[in-house]
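Structure record follows, encoded as structure tokens.
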Amino acid sequence: MRLFITLILMIVGASGMYVMAVVLPAVQAEFAVDRGLASLPYTLTMLGVGVGGIWMGRLADRHGITLPLMLGGACLGGGFVLAAMAPNIWVFMAAHCILIGLLGTSSTFSPLVADTSLWFVRRRGIAVAICASGNYLGGALWPPIVQHFVDAIGWRHTYIGLGILCAAVMCSLALLMRARPPIQAAPAAGVRSTASARPFGLSARNALLLLCVAGVACCTAMSMPQVHIVAYCGDLGYGPARGAQMLSLMLACGVVSRLVSGAICDRIGGLRTLLLGSVLQGISLLLFIPFDSLASLYVISALFGLFQGGIVPAYAIIVREYFPAAVAGQRVGAVIMSTMLGMALGGWMSGSIFDLTGSYHAAFINGIAWNLLNFAIVLALLLRVRRMQPAVS
């Protein structure tokens, strides 16, 4: 039951991450700004989600998950309402960064993933995957719903209704999450655990730094289709509604990917699962370059969702496998922050590259380069682990 409630909270909290991609063309037109500046609110939102996730995680460690969820629900709702009343892009940007990102959505993603990892042992991978899939379920549900209301009543009224809904649902469900997680003194029999004071044979600080760099790299690549698919379809003449459908399809397939990847994590571990996801994500990004017909974009969007959906949850599993449990919450928050930073960087960078070149082809190539960096880091960590295994045995 707790996992089900967590899933609903993740879906609602995800609105702060995915709605901006849908309203981007309307916001750009209303405030008369270029694509790069119009993408900046999304960038600042993701930065806020990442930074706020660490603070919200510490708050949850000290006072339980209910307090950050209550605070997050109030701020997420208030942020949407304030953004709806924004007279210019700067107020709109501030509402997204501070209220929606830093204090709103941040209360759900990292804290709930970390909290879920503490409630499960033997099936931790699939449990975390179910929790994290709520983020993509939200991504699948919100774009077509928001696009419908944007077309019918405009983006401002849509934002006000969304704010009221998010505040009511999150604050109500937060009251059902007051129980604290049990302390797992030792892993159960048969559970994968290589946690130590020197993860991957490195100092804890250096190991965490490498994971954070990998997180930035993979999500800088990941953000290109997720943030700009709606605008990309508009530029190709297919219309933003088609782009919203592709985004919804992409994230719906991401749910399947996260569940499958969670089961794979329980069998082969988080590090190998992350390497697999990195390879597949790079392949799907490559497919966007030569194919831009309507049918092919639907197919590639689905493949992209299926290939990359399990990447972010794998980081949480890696932290629980290679770092001591006592610091798991903070470490998960730090790595998830790096993935949010990557989403923020990639969203802004792709818009700016489009402004410079007039095309998204260079932005896709930029994403592939970042994906190669992620692959190189994860492969290096996996090789270090394999070299250490004979010594450990």
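The values are calculated or read from the model by the stated rules, or taken from the named source; none is laboratory data. Because the structure is a prediction, the values reported are computed rather than measured. With ideal geometry, Cβ positions are generated from the backbone for all residues, glycine too; neighbour counts draw on all protein chains shown. Quick note on the areas: whole protein, heavy atoms, side chains included, nothing else; ligands and nucleic acids left out. Shrake-Rupley method; radii C 1.70, N 1.55, O 1.52, S 1.80 Å.
Structure notes:
- Residue match in the stretch 32-51 (condition: under 24 Å from Leu251 (Cα atoms) and either of a type in the set (D, E, K, R) or in contact with a strand residue (DSSP E or B) (Cβ under 8 Å, 6 or more places away or on another chain) (or both)): yes
- Pairing each residue of the stretch 81-95 that is within 14 Å of Met20 (Cα to Cα) with any residue that is at pLDDT below 95 and open to solvent by less than 10 Å² (accessible area, probe 1.4 Å), provided the two are 6+ apart or on different chains, yields C-beta distances under 8 Å for Ile89/Val27; Ile89/Ala38; Ile89/Pro41; Phe92/Val27; Phe92/Pro41; Met93/Pro41.
- Test: residue in the stretch 29-45 that is farther than 30 Å from Gly237 by Cα and either of a type outside the set (Gly, Ala, Ser) or at pLDDT below 90 (or both): no
- Per the conditions (1) open to solvent by 10 Å² or more (accessible area, probe 1.4 Å); (2) closer than 27 Å to Asp355 by Cβ; (3) part of a helix (DSSP H, G or I), the sole criterion not satisfied by Leu71 is (2).
- Some residue of the stretch 288-295 being without any contact (Cβ under 8 Å) to a residue 60 or more places away in the chain, under 22 Å from Tyr238 (Cβ atoms) and among the small types (Gly, Ala, Ser): yes
- Lone qualifier among Ile229, Ile183 - being open to solvent by 70 Å² or more (accessible area, probe 1.4 Å), at pLDDT below 95 and touching a Leu at 6+ places or on another chain (Cβ under 9 Å): Ile183
- Candidates Pro87, Pro41, filtered to the one that is assigned to a helix (DSSP H, G or I) and not hydroxyl-bearing (Ser, Thr, Tyr): Pro41
- Residue in the stretch 5-25 that is small (Gly, Ala, Ser), at pLDDT 85 or above and farther than 14 Å from Val169 by Cβ present: no
- A count restricted to the stretch 232-258 and to residues that are within 14 Å of Tyr18 (Cα to Cα) and either part of a loop (DSSP other than H, G, I, E, B) or open to solvent by less than 10 Å² (accessible area, probe 1.4 Å) (or both) stands at 7.
- Restricting attention to the stretch 1-38 and to residues that are over 14 Å from the mean Cα position of the chain (by Cα) and in a loop (DSSP other than H, G, I, E, B), the residue that is nearest to Gly73 (Cα to Cα) turns out to be Met1.
- Selected residue (only one of Ser284, Ser278, Ser301 is modelled with pLDDT of 90 or more, in contact with a Cys (Cβ under 7 Å, 6 or more places away or on another chain) and surrounded by 17 or more Cβ atoms within 10 Å (Cβ to Cβ)): Ser278
- In the stretch 49-64, the residues that are open to solvent by less than 10 Å² (accessible area, probe 1.4 Å) and within 12 Å of Ser110 (Cα to Cα): Val49, Gly50, Gly52, Gly53, Met56
- Residue selected from the stretch 118-133 under the condition open to solvent by less than 40 Å² (accessible area, probe 1.4 Å) and touching a Phe, Trp or Tyr at 6+ places or on another chain (Cβ under 9 Å), by the criterion nearest to Gly305 (Cα to Cα): Ala132
- Whichever residue in the stretch 148-165 is open to solvent by less than 30 Å² (accessible area, probe 1.4 Å) and under 18 Å from Val12 (Cβ atoms) and, among such residues, is farthest from the chain's Cα centre (by Cα): Thr158
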